[in-house]
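Undergrad: After the structure tokens below, expect a handful of questions from me.
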Amino acid sequence: MISLIFHPVFTVIYSYIIYFNIQNIYNQMLFLAAPDIYWALLCFLFLMAVIFPLVTVFVMYKNKTISSISMPKRKERLPVLVLIGIYYLMTYYIFQYWNAAMLNLFHPYLSFLFSGVVLLLFLIIITFFWKISIHAASISGLCGGMMAESLIAQAVSGQQEVIFINIILLILIGIVCFSRIYLKAHTLYQTIAGMILGFSLVFSLVFFKIYI
């Protein structure tokens, strides 16, 4: 259940809900300029980052391109990761276009979306040679990204709430990583590698506001 709830495909949705419910100056100005934009963006993100990847996996399973929905075999993960990477790249560039139209008010969140694309690229390269834990990389990337977001886009209110969210996310890293080892989906080293890669990469890109 833990592995399902915190499946990597849902990570970007969790990041969106967390970030855009934090009262920082960017969000206040954004929702003042476009009060109804929150649900429109969430629906778009859900379509591109959740529905399309899940449909893709289901179609590949039905066509016997992959042997299982959970994709336990390393080589089966490669085409799925590539296609999901394409969906994420499309999502990022559309958000970038909207960011220009909304006076750069998406600026802090854009670096998170870009870091997700870069993390997927790293996971694809590593998966060519080794089975790294995508769950661990994903939840750790979410934690690292949101922690960096809270530092660069400081909340104007609810500082204690932001600290509480970051603590919960840190705890979730341990819970999700333990679940992957407990289910014998990954070894300890595969899980630790995913955790280090996800957290360090996403935190760094978001904190230094790196995106194309």
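Undergrad: When you look at Met90, is it touching a Ser or Thr at 6+ places or on another chain (Cβ under 7 Å) and closer than 19 Å to Leu119 by Cβ, yes or no?
TA: So Met90 fails the test.
Undergrad: Looking at Pro35, Pro79, Pro72, Pro53, can you tell me which residue is of a type outside the set (A, V, I, L, M, F, W, C) and farther than 22 Å from Ile134 by Cβ?
TA: Pro35
Undergrad: If you take the residues of segment 122-169 that are assigned to a helix (DSSP H, G or I) and in contact with a Lys or Arg (Cβ under 8 Å, 6 or more places away or on another chain), which of them is farthest from Val80 (Cα to Cα)?
TA: By that ranking, first place goes to Ile152.
Undergrad: Right, something else. Of all residues in segment 110-152, which are in contact with a Pro (Cβ under 7 Å, 6 or more places away or on another chain), buried (at least 19 other Cβ atoms within 10 Å of the Cβ) and either under 23 Å from Asn99 (Cα atoms) or not aliphatic (A, V, I, L, M) (or both)?
TA: Within segment 110-152, His135, Ser138, Glu149 qualify.
Residue by residue, here is whether (1) aliphatic (A, V, I, L, M); (2) closer than 24 Å to Leu78 by Cα holds:
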| residue | (1), (2) |
| --- | --- |
| Ile126 | yes, yes |
| Ile132 | yes, yes |
| Ala136 | yes, yes |
| Ala148 | yes, no |
| Lys184 | no, yes |
| Leu188 | yes, yes |
| Phe207 | no, no |
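Undergrad: In segment 46-69, what residues are within 13 Å of Val12 (Cβ to Cβ) and of a type in the set (Phe, Trp, Tyr)?
TA: Phe46, Phe52
Undergrad: Now a separate question. Would you check if there is a residue in segment 67-75 being more than 23 Å from Ile152 (Cα to Cα), touching a residue at least 60 places away in the same chain (Cβ under 8 Å), out of contact with any helix residue (DSSP H, G or I) (no Cβ under 7 Å at 6 or more places or on another chain) and small (Gly, Ala, Ser)?
TA: yes
Undergrad: Return the pair list, or none, for Cβ contacts closer than 8 Å from residues in segment 20-32 that are closer than 15 Å to Asn99 by Cα to residues that are crowded, with 20+ Cβ neighbours inside 10 Å and polar (S, T, N, Q), at least 6 apart or on different chains.
TA: Within 8 Å, the pairs are Phe20/Asn27.
Undergrad: Let me ask something additional. If you go through segment 187-194 one residue at a time, do you hit one that is within 14 Å of Ile2 (Cβ to Cβ) and part of a helix (DSSP H, G or I)?
TA: Within segment 187-194 (the criterion being within 14 Å of Ile2 (Cβ to Cβ) and part of a helix (DSSP H, G or I)), the answer is yes, since at least one residue qualifies.
Undergrad: Pull up segment 46-82, narrow it to residues that are in a loop (DSSP other than H, G, I, E, B) and either touching a Gly at 6+ places or on another chain (Cβ under 6 Å) or of a type in the set (Val, Ile, Thr) (or both), then point me to the one that is surrounded by the most Cβ atoms within 10 Å (Cβ to Cβ).
TA: The residue in question is Ile66.
Undergrad: Can you name the condition, by its number, that Ile94 falls short on among (1) touching a Pro at 6+ places or on another chain (Cβ under 9 Å); (2) surrounded by fewer than 17 Cβ atoms within 10 Å (Cβ to Cβ)?
TA: (1)
Undergrad: Just need a number here: residues in segment 95-114 that are closer than 19 Å to Gln154 by Cβ and assigned to a helix (DSSP H, G or I).
TA: Looking only at that region, the number is 6.
Undergrad: Go through segment 155-212 residue by residue and tally those that are surrounded by 12 or more Cβ atoms within 10 Å (Cβ to Cβ) and basic (Lys, Arg).
TA: Residues flagged as surrounded by 12 or more Cβ atoms within 10 Å (Cβ to Cβ) and basic (Lys, Arg) within segment 155-212 amount to 2.
Undergrad: Filtering segment 107-131 down to residues that are farther than 13 Å from Gly198 by Cβ and among the polar types (S, T, N, Q), which residue is modelled with the lowest pLDDT?
TA: Step by step, filter segment 107-131, then rank; the result is Ser111.
The values are calculated or read from the model by the stated rules, or taken from the named source; none is laboratory data. Remember, it's a predicted structure, so these values are computed and weren't measured experimentally. Every residue, glycine as well, gets a Cβ built from its backbone with ideal geometry; the counts of neighbours run over all protein chains shown.
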